[in-house]
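Notes follow once the structure below has been shown.
Please treat every number below as a calculation from the coordinates, not as lab data. Because the structure is a prediction, the values reported are computed rather than measured. Note that we place each Cβ from the backbone using ideal geometry, even for glycine, and neighbour counts take in every protein chain shown.
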Ligand code: PAF
């Protein structure tokens, strides 16, 4: 497994990889969810590259950039075992050299939900992902459904800028109690970890109601709210029942609608979603 840091090293290493290249962009502290994206990439590509970069541009001033969990030796071991060909570990200066002044702003789909709660977040995500795509030149890139709005933003960017990259979305991996796997779960203490399962319980309650015939989106949002409010360690930030492509809130629910929510458990902010079927 080749490890590179600079753009020059990356281009040289990428040049020797033959056939279809899959890229899995990450911020490190890898868990089974990331590794499932690597597996997907390995299945449909000839070579797989992974980037590890905790992107300062997607963190707000009061967010967890400094505290964001990091464990590079463990990450590299997991990627080696997973059979990854190339790992790119850029420094902030490689991605944002002095004088850097170009940003990718995806309008519309970035505005609600995470975009409303985390101003500037998707500008940081879209900019870094555009840079990763340009530098690595992958044929396909793999993202998790857990960050559903991020996926919608990246898909919009790829369409609008004619980026020659196929965006592949892997399913959310869950712990046995339903908690979506996330690097940020590492912040939770034992009680909070148990309480955090409430996100999936809320989504499941709405899914069950939908399957039983409920088509009023506000009723589903109400069910999710009530489930979260019943958990003393959880504080709801938003619930949504939206169109999966535009993320506009729905009145009547259709198959394929995206249920999502953001919840603080202690000081840890968790997000999750499911697509109604
Ligand atoms: O989902 C993530 O880990 C990040 O937002 C990404 C896509 C690697 C961009 O920094």
Next item on the list: Among 250, 161, 203, determine the one that fluctuates most according to a GNM of the chain built with springs between C-alpha atoms less than 10 Å apart.
Entry: 161
Item checked: Mean Cα-pair separation over length for the stretch 191-277, i.e. relative contact order, pairs under 8 Å, 6 or more apart, % -> 29
Notebook entry, point to check: Could you state the number of Å between the C-alpha centres of the stretch 1-57 and the stretch 208-274?
Noted result: 33
Checklist line | Among 168, 153, 16, residue whose mean-square fluctuation peaks in a GNM of the chain (springs only between Cα atoms under 10 Å) | finding: 16
Note to self: Can you compute the label reach from residue 191? Point 7 Å from Cα along the Cβ direction, backbone N cut-off under 18 Å, restricted to the stretch 258-272.
What the structure shows: 264-269
Check: Peptides 255-264, 181-190, 60-69: what's the order by average Cβ count within 10 Å, highest mean first?
Finding: 255-264, 181-190, 60-69
Next item on the list: Please work out the ratio of the alpha-carbon Rg of the stretch 113-207 to 2.2 N^0.38 Å and round it to two decimals.
Entry: 1.28
Checklist line | Principal axis dimensions, the chain - Cα atoms, whole angstrom, descending | finding: 55, 41, 39
Notebook entry, point to check: At a Förster distance of 35 Å, what's the computed FRET efficiency of residue 11 paired with residue 249, Cβ-Cβ distance as r, to 0.05?
Noted result: 0.20
Item checked: Selected from 141, 116, 205 as most flexible by GNM, with the chain as the system and alpha-carbon contacts under 10 Å -> 116
Notebook entry, point to check: Over the stretch 14-94, what lengths in whole Å, largest first, do the semi-axes of the equivalent ellipsoid take, defined as the square roots of 5 times the eigenvalues of the alpha-carbon gyration tensor?
Noted result: 24, 14, 11
Check: How high is the relative contact order of the chain, given as a whole-number percent (alpha carbon pairs under 8 Å, six or more residues apart)?
Finding: 17
Notebook entry, point to check: How far is it, in nm, from the label point at residue 67 to the one at residue 204 when both lie 7 Å from their Cα along the line to the Cβ?
Noted result: 2.8
